Structure formats: structure tokens, C-alpha cells
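The values are calculated or read from the model by the stated rules, or taken from the named source; none is laboratory data. Treat the numbers as computed from the prediction; the structure is a model and nothing was measured. Please note: Cβ atoms are built from the backbone with ideal geometry, for glycine as well, and neighbour counts cover all protein chains shown.
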Amino acid sequence: MEKVKVNNDVFVEATGTLYKAGTEHEVSDSLAKRHGKNGTGYMETVKIAAEKPEKK
Amino acid sequence: MADNVVGGIEKIEYAAASLTGVVATWKPMPNIAVGSVLMTKNVGTKSSINKEDGNRAYINLFAPAEGDTLTIGLLSQDPELVQELFEVDYVAATTMLEYYAEEKIARLALRITSIPMKDGRKCIITIYNNDVQTGYANNLTFDQVQQLALTASIGVYRKAGDTKDKVYTKQFVLADGTVIDSTTP
């Protein structure tokens, strides 16, 4: 699973899901890849900042 | 699964023709005459070599067809569009169009959006490279209006990185224009 931000409305027929532009979703890797930077460009991966280790 | 059908016209837009399949801005081509839009796919002419000792064709030969065509009838004569279609001088101050003797071949890209006919889907047909000739249709009578009769000869375009020519795209979208991902899981 991958967290993505939707840039352009996409309706996924197989699941009947409408991904609206501006929203964020957890989607399958294949969907993220299909609509990612090297695909349609309709979705972009949201990078989750790595947690900083606590200083003791 | 939803069906993909192509039906009546919701709108037609135009822009300058593109040989690379890229158009940035489209302008509306309003007031389309009912039933006037016809897209014709020409197919190659077949000839056969028959066998003397049998009734079936031995070899079928196909001569390439002429390019595809699209016709559109417009009810209104918007000066901006008329300037694209005809060789004219336009004086906005007097709303006068002065037509030159020579015929103009307008080089336009055309985008046709169909109405949703079935399963809430419409089709967007984009033809990037058209040579458009324009004539008139209909008599000047009280129960008709003079139509601009556009005949577009559909040409080819080639996208960057492609090795083959293409003629048009057809994309099925939801009624509000949302892109459909039809990937089978």
C-alpha cells in the first residue's frame, strides 16, 4: 500500500471508487504506479517524514 | 462492466492544428446543426485474384483508401470563427466581413465531446490535424438559416517519441469529465 495525493479526478472502474483531486488515500502499489510520476501523473506519492530519534 | 458508446454531440471545440498531438487552448465552435456531424472512416478498396479451379479468392489485395473525413454544419457565423475558415477581412467597428476570392484551407484541430448515451459515459474525440474546407448549406429562405458546411480531411500527427503516425484519439470519460481507469485487477 502507498499513500498518495490525487492531482486529477480518477474513477477506478474495478472497485467503483472515485478519487477526487486534492484528497489523500492509501492505495495499492499497482494503482499508485499506474497513476504516478511515470504513469498518468494523476497521483503523487506522499512522502512520510522519517521520525527523528529522541535525544536522551 | 459499463458499455462505451458514442452518440450525439455535447460540444465541439477547435484550435490550431498540431502535428505532434499537443493542443493547449481550445475555443468553442457553437450552434451545431442537428444531424450535421458525420465522421467517415474510409476503407481500402479490395480486389481479388481468383482461382480458375475454384470459386474462392486466392489472394485479396487492398488499395489504400483516401483519408477519413468529418463534416460539421454550423448555424451561426461567428466572425472569429469565420476568420479561421475563410480568407476574409473583418472590420469589427462595422461588423463587416469582406471575403477574398481564393479558397482557404483552414488547418485546425477539432475536439468533439459526445453526450452521455449509456452508463453515464461520454466520449471525447480529438483530431489534431485537419484540413478544413468550408462551403454553405441551405437556401436563404424564411424557414432555414444559411449553414457553414465544414468538411475536414483528417490528417496524421506523430507524438514525440512515436515511430508511427496516428489520426485521432477517443477517450471515454464520466459525464462530468472524470477519467476512467479501466484496468482489470
Next item on the list: Report whether or not A:Gly36 is within 14 Å of chain B (Cβ to nearest Cβ), exposed (fewer than 11 other Cβ atoms within 10 Å of the Cβ) and either touching a Lys or Arg at 6+ places or on another chain (Cβ under 6 Å) or assigned to a loop (DSSP other than H, G, I, E, B) (or both).
Entry: no
Next item on the list: May I ask you to say which residue of B:Lys159, B:Lys170, B:Lys166 is more than 14 Å from chain A (Cβ to nearest Cβ), touching a Ser or Thr at 6+ places or on another chain (Cβ under 9 Å), exposed (fewer than 14 other Cβ atoms within 10 Å of the Cβ) and farther than 24 Å from B:Glu102 by Cα?
Entry: B:Lys170
Checklist line | Which numbered condition B:Pro185 misses (of (1) of a type outside the set (A, V, I, L, M, F, W, C); (2) within 14 Å of chain A (Cβ to nearest Cβ); (3) within 17 Å of the chain's Cα centre (by Cα)) | finding: (3)
Checklist line | Inter-residue pairs, beta-carbon under 8 Å, first at positive phi and in the range A:13-28, second charged (D, E, K, R), 6+ apart | finding: A:Gly22/A:Lys5
Note to self: I need the full set of residues from the range A:7-33 which are buried (at least 18 other Cβ atoms within 10 Å of the Cβ) and farther than 14 Å from B:Ile180 by Cα, in order please.
What the structure shows: A:Val27, A:Ala32
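Matching residues to (1) β-branched (Val, Ile, Thr); (2) within 12 Å of the chain's Cα centre (by Cα):
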position: A:Lys3; (1), (2): no, yes
position: A:Thr17; (1), (2): yes, no
position: A:Glu44; (1), (2): no, yes
position: A:Lys47; (1), (2): no, yes
position: A:Lys52; (1), (2): no, no
Checklist line | Subset of the range B:80-124 [among the basic types (Lys, Arg) and without any contact (Cβ under 8 Å) to a residue 40 or more places away in the chain] | finding: B:Lys104
Check: Just for the range B:5-36: of the residues that are without any contact (Cβ under 8 Å) to a residue 40 or more places away in the chain and of a type in the set (Gly, Ala, Ser), which one is farthest from B:Gln171 (Cα to Cα)?
Finding: B:Gly35
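Rundown of residues vs (1) farther than 25 Å from B:Gly21 by Cβ; (2) exposed (fewer than 14 other Cβ atoms within 10 Å of the Cβ); (3) among the hydroxyl-bearing types (Ser, Thr, Tyr), yes/no style:
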{"site": "B:Asp119", "(1), (2), (3)": "yes, yes, no"}
{"site": "B:Asn130", "(1), (2), (3)": "no, no, no"}
{"site": "B:Leu148", "(1), (2), (3)": "yes, no, no"}
{"site": "B:Ile154", "(1), (2), (3)": "no, no, no"}
Check: If B:Thr134 passes every condition in (1) surrounded by 14 or more Cβ atoms within 10 Å (Cβ to Cβ); (2) under 18 Å from B:Ser18 (Cβ atoms); (3) free of Cβ contacts under 8 Å to residues at least 60 places away in the same chain but one, which one does it miss?
Finding: (2)
Notebook entry, point to check: Residues of the range A:7-23 being facing chain B (nearest Cβ under 8 Å) and touching a Gly at 6+ places or on another chain (Cβ under 9 Å), which ones?
Noted result: A:Asn8, A:Asp9
Item checked: Conditions (1) within 14 Å of chain A (Cβ to nearest Cβ); (2) in a loop (DSSP other than H, G, I, E, B); (3) among the aliphatic types (A, V, I, L, M): number failed by B:Val145 -> (1)
Notebook entry, point to check: If you take the residues in the range B:46-60 that are among the polar types (S, T, N, Q) and surrounded by fewer than 10 Cβ atoms within 10 Å (Cβ to Cβ), which one is modelled with the lowest pLDDT?
Noted result: B:Asn55
